[in-house]
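The values are calculated or read from the model by the stated rules, or taken from the named source; none is laboratory data. In this text, all values refer to a predicted model and were calculated from it rather than measured experimentally. Positions of Cβ are generated from backbone atoms using ideal geometry, with glycine treated the same way; all protein chains shown enter the neighbour counts. Just so you know, the surface numbers come from the protein's heavy atoms only, side chains and all, with ligands and any DNA or RNA stripped out. Shrake-Rupley method; radii C 1.70, N 1.55, O 1.52, S 1.80 Å.
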Amino acid sequence: MLRKLILISVSFILLFSIFGVINNEVEATEQVEELDLDELPIESQQFFMENGFDENDLFYKTDYVENESTASNEISTRAKGGVNVVSMVGASKKVSSTKGKVVLHLTSFRKNFKSANARVTGGGKKWTKTKIKGSGKSMGITIPVSHTGKKKYFGFRANVQYVTTAGAGNVTSSAGGLTLGK
C-alpha cells in the first residue's frame, strides 16, 4: 500500500513538472559590460549607428541567462526547446540641452520577441514606453527623456519586461547618462 502511494505521488509530481503546473522558479544571472561600438555584435552596431551613435559613445551590455536549478526546471526547460539567453545593449544620446534619448537593443538567442514594456529611471525621474510590438529575434526601443529644470546629471537605468515565444522575462542594465536642463 505504501509503495503504491509513493509511486502515485512521484507520478503526479513528474506529470505536473512536465506540464509546468508547478511554479518553476528559474535562477538567472546578469552580467553587465561597458563596451565601445566596435565591441558590440554586428547587428547592434548597425542599429546604434542608424540611431546616430558612433565610436565616441559608450554602450552597456547585459546578458540575461536562465539557469536550470532543479530537476523539474530541467524537464520543463527542455520541453520548451532549451534555455533562452536575452542580451540588452543600452546607450544614451543628447538631442538638445533639455532632451535626450535612451536607446535599447534586445536580442534573443533562441526565441522570437512578441512584445515588451520598457522603463528608464534616473535622477528620481522615470520614463516609460509600453505595448512595444516585437517580431523576430531582435528588438529596438527608443525612449525620449527630458528635463527642463536646472542642469542635472541623469545616470540612466533601463528595465525591460519582455515576452518571447518561450514566455516572459525581465532584463535590467545601465544605459549611460546625460546632463540635461537649462
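As a fraction of the 1.4 Å probe accessible area of region 83-166, surface on carbon and sulfur atoms comes out at 48 percent. Is there a pair in LYS61/LYS101; LYS126/LYS152; LYS61/LYS151; LYS99/LYS137; LYS99/LYS129 whose C-alpha atoms are over 23 Å apart, and which pairs would that be? Among LYS61/LYS101; LYS126/LYS152; LYS61/LYS151; LYS99/LYS137; LYS99/LYS129, the Cα-Cα distance tops 23 Å for LYS61/LYS151; LYS99/LYS137. Annotation: ASP57 carries an accessible surface of approximately 20 Å², with a 1.4 Å probe and no ligand, DNA or RNA atoms counted. Under 5 Å from the amide H of GLY176 lie the amide H atoms of PHE156, each residue being 5 or more positions distant or on a separate chain, with H modelled from the backbone and absent for Pro and chain starts. Summing charges over neighbours of ALA116, with a neighbour being any other residue whose Cβ is under 10 Å away from its Cβ, gives +4 when K and R count +1 and D and E count -1. Taking amide H as placed 1.01 Å from N in the peptide plane, the amide H of ASN170 sits under 5 Å from that of TYR162, each at least 5 places away or on another chain.
Prolate is the label for region 134-182, because the ratio a/c of its alpha-carbon gyration tensor axes (a ≥ b ≥ c) is 1.5 or higher and a/b is greater than b/c.
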